Amino acid sequence: MKQIASRPTIFITVPLAPALMEQLSAQFDCLCGWTLQEELAAGRAWSEVRAVVTTGGVGASRQLLQALPAVELVACVGVGFDAIDLAYAREHGIAITTTPGVLDQCVADTALALLLAVFRRVVQADRFVRAGHWLHGGFPLTHSLAGKCCGIVGLGNIGRAIARRAEAFGMVLGYHGPRAKADVAYRYYPDLGAMAAEVDVLVLALPGGAATRHVVDGRVLDALGPDGVLINIARGSVVDQAALVERLLDGRLGGAGLDVFEHEPQVPEVLFGLDNVVLTPHMASATLETRAAMAQLMLDNLLAHFAGRPLLTPLPLV
């Protein structure tokens, strides 16, 4: 890989994959942010830093950006940008890049894996066999996906990939979002609660952030009802987690497949004993292939910026 003539200094917020860290170290002078938290809290500034490398979950706070007065770019490994202070970036002309497109298929796969796991009780069936219970009788009947109505909240690239997979399983599709999509035939619901009342499963694929915080609240969960299932591969913040837990415990919601949570990595322990809930550790994009593609796209954006070329996947800040 061609070396950059003058090595810019970058601030990396969290440890990344070893191969990516090696590539970054070969191209840039790297500050490891996870070792500098005390200094950051004490108000230290790093005027030599020109870019931040971060993840969607960690982002870049106002405190961090203020400590980097010369920063020009926040390069994010991920599609989520709700943890980045967009207002500060806009005010100070800081560009932001994410890694869209390369993770859509894996995230959609995870949504369907959770959907199948909940409807077909895959996790419980595995435990049933391992415990030797099959020797004494059959496993209870489960539910088919075919013919069920799947409502997707957020029909962007990931939402569309989920829809294609759900359709292949014979599900009936509907969606909710800010506006109807002219190029799809799925039914559009302008009201989320109305869609929740008519579907069997609600799949969340919308962005996080202040605008979508707790958009799935108690009212929506009650509309989904005791036979309904919630699948969340979006952000924990989009669901009122307390309301969700309450309804899963008392039976007002039929089940859930959750890859994201409101206060990660903390997960409400009361969910651990529920057979109608499947929990995964924010792993929707966590495949070797996808993470490699995300890392490469982030790196390509970083290199393009310092070479004076257009960014590949800039986030509009207007």
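The values are calculated or read from the model by the stated rules, or taken from the named source; none is laboratory data. These numbers were taken from a predicted model, which means no experiment stands behind them. With ideal geometry, Cβ positions are generated from the backbone for all residues, glycine too; neighbour counts draw on all protein chains shown.
Just one of the listed residues (ALA242, ALA205) is within 21 Å of ASP82 (Cβ to Cβ), of a type in the set (A, V, I, L, M, F, W, C), surrounded by fewer than 22 Cβ atoms within 10 Å (Cβ to Cβ) and not assigned by TED's automatic domain parsing to the domain that holds VAL49, and it is ALA242.
Scanning for something at pLDDT 95 or above, surrounded by 12 or more Cβ atoms within 10 Å (Cβ to Cβ) and assigned to a helix (DSSP H, G or I), does the range 132-152 turn up at least one residue? So far as the range 132-152 goes, yes, one or more of its residues are at pLDDT 95 or above, surrounded by 12 or more Cβ atoms within 10 Å (Cβ to Cβ) and assigned to a helix (DSSP H, G or I). Among the criteria (1) without any contact (Cβ under 8 Å) to a residue 40 or more places away in the chain; (2) at positive phi, the one SER61 does not fulfil is (2).
When ALA51 is tested against (1) in contact with a Gly (Cβ under 6 Å, 6 or more places away or on another chain); (2) crowded, with 22+ Cβ neighbours inside 10 Å; (3) touching a residue at least 60 places away in the same chain (Cβ under 8 Å), just one condition goes unmet, and that condition is (1).
The set of residues in the range 72-85 being at pLDDT 95 or above and either in contact with a Pro (Cβ under 8 Å, 6 or more places away or on another chain) or surrounded by fewer than 24 Cβ atoms within 10 Å (Cβ to Cβ) (or both) consists of GLU72, LEU73, ASP85. Take the residues in the range 155-165 that are over 21 Å from GLY193 (Cβ atoms) and of a type in the set (A, V, I, L, M), then tell me which one is surrounded by the most Cβ atoms within 10 Å (Cβ to Cβ). Taking the candidates together, the pick is ILE158. Kindly evaluate ARG179 against the criterion of being closer than 13 Å to ALA111 by Cβ, under 23 Å from the mean Cα position of the chain (by Cα) and loosely packed, with under 15 Cβ neighbours inside 10 Å. So ARG179 does not fit the description; no.
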